[in-house]
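The values are calculated or read from the model by the stated rules, or taken from the named source; none is laboratory data. What you see is a predicted model, and the numbers here were worked out from it, not measured in a lab. Positions of Cβ are backbone-derived with ideal geometry, glycine not excepted, and every protein chain shown enters the neighbour counts.
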Amino acid sequence: MKKPVRVAVTGGAGQISYSLVFAIASGQLLGPDQPIILQLLEMPVAMEALKGVAMELDDCAFPLLHGIVTTDDVKTAFTDIEYALLVGAKPRGPGMERNDLLRDNGKIFTTQGKALNDYANRNVKVLVVGNPANTNAYIAMRSAPDLNPKNFTAMTRLDHNRALSQLSAKTGTKVTDIKKMVIWGNHSSTQYPDITNTTVAGKAAKSLVDQNWIANDFIPTVQQRGAAIIKARGKSSAASAANAAVDHIHDWALGSNGEWVSMAVPSDGSYGIPEGLIYSFPITTANGEYSIVQGLEIDEFSRDRLTKTQNELEEERSAIADLLG
Ligand code: NAX
């Protein structure tokens, strides 16, 4: 049996975590031979609810779950962790401006970035789920100067999975028939779900669907899917978000076997995206590392959309710049 690894989840008493922590503890995150110690962080007001989650984890008697830490202290939560799933964030309240949301979350992610810098394992892999996810990841990365910036990522895997599902329904194929799906940019309604290079059972996706469907149905449906879930369910996506977070870390840690996935990562300048911006790219993963897929042609339709979502991320970055000192 391997040595247990410490996995932190913030917002441990929230809706997403109520699916996520059970999936992690059951072995879905890091495989059936990897014991885990869960370190769950919450706000002081939610500690009682977090205790309830820990009791239910106990009651599952998961063989791989070698310990549970529940805390409202970031140092305790992040000490020696190899994975950080930063789910907890401040939700947008009624009448709250977008910039206020950015700044309130900015404070949370400055603190958490510093704590990762000081207490986490030097190779900690960080996934930010809490919105605005890309900019929160940027703030955490910038607040952790001693850690490799490459280890800070944000989640666009839910958008990726939504895109797979939409295309599979449209073409009457299995999701596993679909390869080379891409989400570019921000996890927001400016994201660009792109099927230019996608294949469906070996055929070019673009030969199976028309441009009108792509531009006026597929792209807006994926972009607006979060809002559609809220409308239907009365609450934001939770189980599907947890599932996507597991997919993201699982593939980063254990490899994507040559398949493309979407991850928001610090840009290295690929495709003209400014260096350091946390931007979703087509990615492959192997041996615990990810690489941005290179050499794709970007036509005018795509470039317009890549630029629009880049502009939004640059605006978000400007809105929080002073928090970074
Ligand atoms: P909930 O409001 O149910 O849970 C959030 C939990 O985080 C709460 O229990 C709260 O007490 C806790 N929390 C807040 N600040 C904290 C802090 N500083 N330290 C520790 N805990 C803290 O939200 P939930 O539905 O679980 O969603 C969590 C976040 O995920 C939200 O920001 C949401 O917008 C975001 N999402 C991101 C998605 C993505 O694809 N990137 C999709 C799903 C989801 O919308």
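How many residues are within 23 Å of the chain's Cα centre (by Cα), part of a loop (DSSP other than H, G, I, E, B) and of a type in the set (Gly, Ala, Ser) if we restrict to region 50-90?
2
Mind checking which residues of region 228-271 are within 10 Å of the ligand (Cβ to nearest atom) and free of Cβ contacts under 8 Å to residues at least 12 places away in the same chain?
Those that are within 10 Å of the ligand (Cβ to nearest atom) and free of Cβ contacts under 8 Å to residues at least 12 places away in the same chain: Ile229, Ile230.
For region 13-30, does any single residue satisfy the condition of being within 15 Å of the ligand (Cβ to nearest atom) and outside any helix (DSSP H, G or I)?
Yes, because at least one residue in region 13-30 is within 15 Å of the ligand (Cβ to nearest atom) and outside any helix (DSSP H, G or I).
Which one of Ala61, Ala84, Ala54 is without any contact (Cβ under 8 Å) to a residue 24 or more places away in the chain and in contact with a strand residue (DSSP E or B) (Cβ under 9 Å, 6 or more places away or on another chain)?
Answer to the check: Ala54.
Restricting the search to region 236-295, which residues are touching a Gly at 6+ places or on another chain (Cβ under 7 Å) and within 19 Å of Ile139 (Cα to Cα)?
Correct list: Pro266, Ser267, Glu275, Tyr279, Ser280.
Taking the stated definitions as given, is Gly95 at pLDDT below 95 and more than 16 Å from the ligand (Cβ to nearest atom)?
Criteria met by Gly95.
Taking only pairs six or more apart or across chains, which ones have beta-carbon atoms under 6 Å, a first residue in region 189-212 that is without any contact (Cβ under 8 Å) to a residue 60 or more places away in the chain, and a second residue that is part of a strand (DSSP E or B)?
Pro193/Ile183; Thr199/Lys179; Val200/Ile178; Leu208/Val200
Sort out which residues of region 270-283 are within 24 Å of Glu259 (Cβ to Cβ) and either part of a loop (DSSP other than H, G, I, E, B) or at pLDDT below 95 (or both), and write them in order of number.
Ile273
Can you tell me which residue in region 31-40 is surrounded by the fewest Cβ atoms within 10 Å (Cβ to Cβ), limited to those that are of a type outside the set (D, E, K, R) and either away from the ligand (no atom under 16 Å from the Cβ) or closer than 25 Å to Gly226 by Cα (or both)?
Step by step, filter region 31-40, then rank; the result is Pro32.
Given the structure, is Met155 within 25 Å of Val21 (Cα to Cα) and either within 11 Å of the ligand (Cβ to nearest atom) or aliphatic (A, V, I, L, M) (or both)?
When the stated conditions are applied, Met155 passes them.
Taking helices (runs of 4 or more DSSP H) that fall entirely within region 96-188, which contain at least 1 residues that are surrounded by fewer than 22 Cβ atoms within 10 Å (Cβ to Cβ) and touching a strand residue (DSSP E or B) at 6+ places or on another chain (Cβ under 7 Å)?
157-171
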